[in-house]
1. With respect to Ala71, determine if the residue is at negative phi, modelled with pLDDT under 95 and part of a helix (DSSP H, G or I).
2. Inside the stretch 40-57, can you point out the residues that are aliphatic (A, V, I, L, M), part of a strand (DSSP E or B) and out of contact with any Asp or Glu (no Cβ under 7 Å at 6 or more places or on another chain)?
3. Only one of these conditions is not met by Val23: (1) within 16 Å of Ala107 (Cβ to Cβ); (2) under 11 Å from the mean Cα position of the chain (by Cα). Which number is it?
4. Looking at the stretch 51-72 only, could you name the residues that are out of contact with any strand residue (DSSP E or B) (no Cβ under 7 Å at 6 or more places or on another chain) and of a type in the set (A, V, I, L, M)?
5. Inside the stretch 1-34, can you point out the residues that are at pLDDT 50 or above, loosely packed, with under 15 Cβ neighbours inside 10 Å and part of a strand (DSSP E or B)?
6. Taking the stretch 88-104 as the search range and keeping residues that are in a helix (DSSP H, G or I) and among the β-branched types (Val, Ile, Thr), which one is nearest to Val40 (Cα to Cα)?
7. Give just the number: which of (1) surrounded by 14 or more Cβ atoms within 10 Å (Cβ to Cβ); (2) free of Cβ contacts under 8 Å to residues at least 12 places away in the same chain; (3) part of a helix (DSSP H, G or I) does Val82 not satisfy?
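The values are calculated or read from the model by the stated rules, or taken from the named source; none is laboratory data. What you are looking at is a predicted structure, and each value in this text was computed from that prediction instead of being measured. Note: ideal-geometry Cβ built from the backbone for every residue, glycine included; neighbour counts use all protein chains shown.
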Amino acid sequence: MSPAGGRKMPGDDLTMEVNADTVVEAGGDHVAADLAEGLVILHLADGIYYELNRVGSRVWALVQSPRRVGAVVATLLEEYEVDAEVCESEVVALITDLARHDLVRIANRPPD
């Protein structure tokens, strides 16, 4: 995920522990639009656009309601040919990045 303009964001120095048990949900302060090869998200608070590739777009779709990172990984493993460790590592990195940019909320609690 890359913000347009490459600006440093306020949450860039934030350290978060994201793992398979982490519950994640998309934040509400954005507008998203599908593209041919992915998704673009406008963060309304700061006016910055973020672009996700096709797999990132799938992750985004899966976290529109509270979901454990492990459940996101399990879904991707069913849909794509990818090594489980690589998949989990990439999903954790993406969720961490989305959280740093205030596009998702994370909590270490069960989904409602």
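1. Details: at negative phi: yes; modelled with pLDDT under 95: no; part of a helix (DSSP H, G or I): yes.
So Ala71 fails the test.
2. Taking the stretch 40-57 and keeping what is aliphatic (A, V, I, L, M), we get 40-42, 44-45, 48, 52, 55.
When the remaining residues are screened for being part of a strand (DSSP E or B), the result is 40-42, 48, 52.
Within the stretch 40-57, Ile41, Leu42, Ile48, Leu52 meet the criteria.
3. (2)
4. Just the residues of the stretch 51-72 that are out of contact with any strand residue (DSSP E or B) (no Cβ under 7 Å at 6 or more places or on another chain), to begin with: 55, 58-59, 61-62, 70-72.
Across the stretch 51-72, the qualifying residues are Val55, Val59, Ala61, Leu62, Ala71, Val72.
5. Correct list: Val31, Ala33, Asp34.
6. Ile95
7. Exception for Val82: condition (3).
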